[in-house]
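I have placed the structure first, in the form of structure tokens, so that the comments after it can refer back to it.
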Number of protein chains: 6
Amino acid sequence: MKNTAVYPGSFDPPTNGHLDVIARASRLFPRLIVAVTDNQNKTPTHTLEERLLMLRGITKNIPGVSVEIFSGLLVNYLKKKNARVIIRGLRAVSDFEYEFQLALMNRKLSPSIETVFLMPDEKYVYLSSSMVNEVARLGGSVDCFVPPLVRAQVIKKCRHSNP
Amino acid sequence: MKNTAVYPGSFDPPTNGHLDVIARASRLFPRLIVAVTDNQNKTPTHTLEERLLMLRGITKNIPGVSVEIFSGLLVNYLKKKNARVIIRGLRAVSDFEYEFQLALMNRKLSPSIETVFLMPDEKYVYLSSSMVNEVARLGGSVDCFVPPLVRAQVIKKCRHSNP
Amino acid sequence: MKNTAVYPGSFDPPTNGHLDVIARASRLFPRLIVAVTDNQNKTPTHTLEERLLMLRGITKNIPGVSVEIFSGLLVNYLKKKNARVIIRGLRAVSDFEYEFQLALMNRKLSPSIETVFLMPDEKYVYLSSSMVNEVARLGGSVDCFVPPLVRAQVIKKCRHSNP
Amino acid sequence: MKNTAVYPGSFDPPTNGHLDVIARASRLFPRLIVAVTDNQNKTPTHTLEERLLMLRGITKNIPGVSVEIFSGLLVNYLKKKNARVIIRGLRAVSDFEYEFQLALMNRKLSPSIETVFLMPDEKYVYLSSSMVNEVARLGGSVDCFVPPLVRAQVIKKCRHSNP
Amino acid sequence: MKNTAVYPGSFDPPTNGHLDVIARASRLFPRLIVAVTDNQNKTPTHTLEERLLMLRGITKNIPGVSVEIFSGLLVNYLKKKNARVIIRGLRAVSDFEYEFQLALMNRKLSPSIETVFLMPDEKYVYLSSSMVNEVARLGGSVDCFVPPLVRAQVIKKCRHSNP
Amino acid sequence: MKNTAVYPGSFDPPTNGHLDVIARASRLFPRLIVAVTDNQNKTPTHTLEERLLMLRGITKNIPGVSVEIFSGLLVNYLKKKNARVIIRGLRAVSDFEYEFQLALMNRKLSPSIETVFLMPDEKYVYLSSSMVNEVARLGGSVDCFVPPLVRAQVIKKCRHSNP
């Protein structure tokens, strides 16, 4: 069971920071499931299907990584997958608080599941998906922030409003 | 006047963390008014009436505690109630900043009113109302997070969308 | 180029804290452009036009300050204005994180542009535009928080719902 | 028992920020003991006796306040004094973490004792005893930071090295 | 190589918080080396030998855990041990900053080594070794904070000054 | 007067992060004085003279930069130099709090002096002088952290204890 870890997130879109965490996690755990949340509360910029395709595209050469959609309670999803480890990337202080809250909530819901925090490269420390969408929407270059495959999708999706 | 304190909040729903702060405050002040805000900006998960009933139910055995609805400016409400102390629970860093901002704003609006910060039990340090609603909505157990009476209401309210 | 700095923001409405930062920046840079963002994602309380008028009113006696509306990418706006310095006020921890994220994003988009952080007077450390609107909406006095000209506009705009 | 609160600290020296917290606490609790710690681990700038005299001098007109020296465990001192409330001032984030740690430690050692956090005036939010000593040592004016009586003592003590 | 993790620290003394992290890490990695630092800069309360004995005593029933002393650069120690993972516990914000600094330093010194952060039970979130020593020195009970074996050593070592 | 800025610090030793801030500040202000503090309270690793030489060496090609030693109160030093701007680099949260405290203290001591905060490249966000000395002392490479000239001095000074 220790062999499978789940990296959950909305990945709207996946950034170089997410990719960095995926690469690090995949070196620690033989099987890593990147789990895209179908969060019905928020309106995402990119559809579930688009996020799935982007993540599959950018992780296809990283051994042991698969990408799936999940809905419902994260800890239930882990049990179904026979996984016991949740991966989270830690960036800055606000992250930290929220991540702790989430991790403690999950631990209460399922004490045998452990959350493992990894630190992305410091050059991604302040990168966020929403800023990537915003920069693209305003016509800026997102080349430094996302892989080329994601860049194409982000531009297609975000730029039409500011042509 | 020092005998009456007001503990304002949205309590959407009240959690074990809120209840812990209420119990602590009631040991410090002979009269404690738990004041449920009628915030017209946000769409709450539970109606004002439901929150009032939950709070009255879970505090009915704590001496000196009453529960009321208030709207308008908090400092004006305190004056009307002849109260001079605002109670706030402090959990984590993000809380802390926001609570300071609020307390300083209230102090500017009414310098004679003092905000008193209490620390809930550390086991509630990362508990939030919105996470409780979210866990219930996703079908998870909220038994560790809220009193039984609140649990029943939260399940009734949140779970219907994921049956 | 070092002579022109841009202080961007939504200024919805401008507060004494913003005015304090404007005064400090104007003593450092011969030309200061206060740039009001036309953010299409958020619904502002005050229209772009109203914010422009308020800012022009309260800064008319500060030498070297002009007020403009901008849309699009901030770094592109700076280039167009031949400016190389972004001014940002730093208040509290949550600010700090967000401001760093923004500044690093802008640096990536245009490495020659520098973000300069100034500290407002500590008496404005916890002041925010949204709280000003909220206090006015609830019928409280905003005299301590905004210049008289802004106060008039805020009351006109926010108070009608709670007469 | 709820009538007596203890405000512990090293007060090396007492600042306007401490005095502000003392005044606020004395309005909440009929009896307030300012308890100067005889911390044998640190080398203070001002002797216990000097700190006691300064605190007595600056609080002599605040009703209900007494100043005492204490050593040993804080919670034991409170029990001896029949007090159940510890007062702490909260300034900034680093404070906040340390204060939480201390308060939780004291709660574990004696669950019936409550720590109450008060917020000093924002103009003292970044004031510290060690900075006061340092400024005086370097020949700067400490008039804004401490009451006149403390100022005299700080100058006598700290300035001799830079005459 | 992924099978061995190193949990470095001064453990002066080991607390229930450390023990909690050790237990969690040992469930993730087949081999865990608890590495006690021989830091020549600080004067520890407990000798290296005492800390080694305490750690061995309290971990003797946790499978896969060994305790060793190390000096020199942590990343060199890991290479010698054929380990590629550093374990660190994350408690509060101040921790977080320092831990990030350390982790990034180690990553620069050896990019193939990954730091994995685990979150201790929230009831240990504010526990520190130095507070344990201080409480014992002042005659307080440390039963809630350390295992019995550590308690005996801490009392022997710290209490003689306050008999 | 706005043309001269002072960047004070202990620079024990100067790191790539300091150098990055110096370069940024020198692009904003025609004259920049790097002011090495002669802090009599701390025992530095490198002597004042050594730090002066290192700083002069690494800044000799940056136009407008001079390096000096200063003692006494920083604001008095600025007045003597006819400078009105203090430069500070901001790295992480703990920094931020301390820097604010310092800046507010200096503002109280001399209201006409402004502190300007710059953000070093994110790759230096977690770099500190003390860690550089520590890594060198333990025999690690400091090539990523300091310029070559500083590296030579740090190795000479720190490594002799671990040959």
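The angle between the Cα long axis of helix A:148-158 and the longest principal axis of the Cα atoms of chain A comes to about 70 degrees, rounded to the nearest 10. Look at the Cα gyration tensor of chain D: its axes a ≥ b ≥ c give a/c of at least 1.5 with a/b over b/c, and that counts as prolate.
Roughly to the nearest percent, how much of the accessible area of chain B is carbon and sulfur, given a 1.4 Å probe? Carbon-and-sulfur percentage of accessible area, whole number: 52. Shown is the FRET efficiency for B:Ser71 and B:Arg159, computed with R0 = 35 Å from the Cβ-Cβ distance and rounded to the nearest 0.05: 0.75. Summed over both chains, the contact between C and F buries some 2500 Å² of accessible surface at a probe radius of 1.4 Å. Accessible surface for the protein assembly as shown, divided over its residues, is 39 Å² per residue with a 1.4 Å probe. When both bridge partners sit in the protein assembly as shown, DSSP labels roughly 5% of those beta bridges antiparallel. For C:Ile86, the residues 5 or more places off, or on other chains, whose built amide H falls under 5 Å of its own are C:Val6, C:Glu114, C:Thr115, C:Val116. Rounded to the nearest 20, the Cβ-based charge dipole of the protein assembly as shown about its Cα centre (Lys and Arg +1, Asp and Glu -1) stands at 0 debye.
Taking a ≥ b ≥ c as the square roots of the eigenvalues of the Cα gyration tensor, an a/c ratio of 1.5 or more together with a/b larger than b/c marks the range F:1-66 as prolate. Among the trypsin sites (Lys or Arg not before Pro) found in the range D:42-122, those both in a DSSP coil and sparsely packed, with 16 or fewer other Cβ atoms within 10 Å of their Cβ, are D:Lys42, D:Lys60. Each residue, E:Lys60 and E:Asn39, gets one label point 7 Å from its Cα in the Cβ direction; the gap between the two is 2.8 nm.
Computed on the Cα trace of the protein assembly as shown, the radius of gyration divided by the Kirkwood hydrodynamic radius gives Rg/Rh = 0.94. In the range B:2-38, what residues drop by 30 Å² or more of accessible area when the other protein chains are put back, versus the chain on its own? Use 1.4 Å, and skip ligands and nucleic acids. Going by heavy-atom accessible area, the residues of the range B:2-38 that drop by at least 30 Å² are B:Lys2, B:Arg24, B:Arg27, B:Leu28. Among the chymotrypsin sites (Phe, Trp or Tyr not before Pro) in the range F:95-163, none sits in a DSSP loop with a Cβ that has at most 13 other Cβ atoms within 10 Å. Peptide A:127-136 has a mean shielding of 3, counted as Cβ atoms of other protein chains within 10 Å of each residue's Cβ. Legend: distances between Cα atoms for D:Lys80/E:Lys156; E:Lys108/F:Lys123; C:Lys108/F:Lys123; C:Lys81/F:Lys81; D:Lys42/D:Lys81; D:Lys108/E:Lys60; pairs beyond 22 Å are D:Lys80/E:Lys156; C:Lys81/F:Lys81; D:Lys42/D:Lys81; D:Lys108/E:Lys60. Inter-label distance, F:Ala152 to D:Asp143: 5.1 nm, where each label sits 7 Å from its Cα along the C-beta direction. Helix content alone sets the calculated 222 nm mean residue ellipticity of the protein assembly as shown: runs of n ≥ 4 DSSP H residues at -39500 (n - 2.57) each, divided across all residues, give -13000 deg cm²/dmol. Residues whose amide H lies under 5 Å from that of D:Val34, counting only those 5 or more places away or on a different chain, are D:Tyr7, D:Ser66, D:Val67, D:Glu68; hydrogens are built 1.01 Å from N in the peptide plane. Farthest towards the positive end of the charge dipole of the range E:4-125, among the residues E:Ala103, E:Ala83, E:Gly72, is the Cα of E:Ala83, using unit charges on the Cβ of Lys, Arg, Asp and Glu. Solvent exposure of F:Thr47, expressed as accessible area, is near 70 Å², computed with a probe of 1.4 Å over the protein chains only.
The values are calculated or read from the model by the stated rules, or taken from the named source; none is laboratory data. Bear in mind that the values here come from a model prediction, so they are computed numbers and not experimental data. With ideal geometry, Cβ positions are generated from the backbone for all residues, glycine too; neighbour counts draw on all protein chains shown. Quick note on the areas: whole protein, heavy atoms, side chains included, nothing else; ligands and nucleic acids left out. Shrake-Rupley method; radii C 1.70, N 1.55, O 1.52, S 1.80 Å.
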